[in-house]
Amino acid sequence: MKHALVIDDHPITHLGASRLLRDLGYDSVGQAMSGEEALDQIRSGELPALIVLDISLPGKGGLDLVAPLRQAAPDAPILIFSMNDQTGFAARALQAGANGFLSKNAAPEDFRAAIRQLEAGEFYLSPKQAVALATLRAGASADPLSALSDRERQVLALIGRGMGLQAIADDLGVSYKTAANTSSSLKKKLGVEGINGLMKFALESGV
């Protein structure tokens, strides 16, 4: 029996990914809406031969889940499957230990190609992502984070892992207001707009 596990909080993603995985020869496809649910399934059931993982999840973000998933299912390659196809996300996914990154905007044949590549023991990035990542690394500048406080660095890192402000507040043991104020301070210091801007900065800076 060949078992895959899809971790995503959108039912429509489960439906589409499950159909594609079954077409690729997976006899069963487990579904989890959060990282905690996924880890419970792995520890109490069949080990997956492949894991498809979203970044934005309730509770712990997808990138933070790569390490515990790797520990629970060490032989399963992990494909990050995300709505956000910015280069920084792909870079952070590989840094976290994932085996590949695919945008949810990709065509079904790209999904199939990514799975086959991971099954062959290789890493997967789309040609566009691979070129953009190489360009990003070639043009990387000195650390732009020296002006940030320790708390600001903590919040920025957690934002880069896909966590929302309430989850960040809970993780750091502070109030939501403190997390929100720190987020506002980061936007001013770094000259970016919105949470997406902070997330992009965090990922591309390797926080």
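The values are calculated or read from the model by the stated rules, or taken from the named source; none is laboratory data. Predicted, not measured: the structure shown is a model, and the values here were computed from it. For neighbour counting, all protein chains shown are included, and Cβ atoms are generated from backbone atoms with ideal geometry for every residue, glycine included.
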Number of the condition not met by Leu20 [criteria: (1) of a type in the set (A, V, I, L, M); (2) modelled with pLDDT of 90 or more; (3) under 13 Å from the mean Cα position of the chain (by Cα)]: (3)
Matching residues, the stretch 39-73, being in contact with a strand residue (DSSP E or B) (Cβ under 7 Å, 6 or more places away or on another chain), acidic (Asp, Glu) and more than 17 Å from Ile115 (Cα to Cα): Glu46
Residue match in the stretch 41-50 (condition: within 16 Å of the chain's Cα centre (by Cα) and within 19 Å of Ala90 (Cα to Cα)): yes
Residues of the stretch 67-103 classified as under 23 Å from Ser18 (Cβ atoms), charged (D, E, K, R) and either at pLDDT 90 or above or in contact with a Gly (Cβ under 8 Å, 6 or more places away or on another chain) (or both), total: 2
So Lys128, is it assigned to a helix (DSSP H, G or I) and modelled with pLDDT under 90: yes
Any hit, the stretch 76-91, residues being more than 12 Å from the chain's Cα centre (by Cα) and free of Cβ contacts under 8 Å to residues at least 12 places away in the same chain: no
Residues of the stretch 172-207 classified as under 17 Å from Ser149 (Cα atoms) and modelled with pLDDT under 80, total: 4
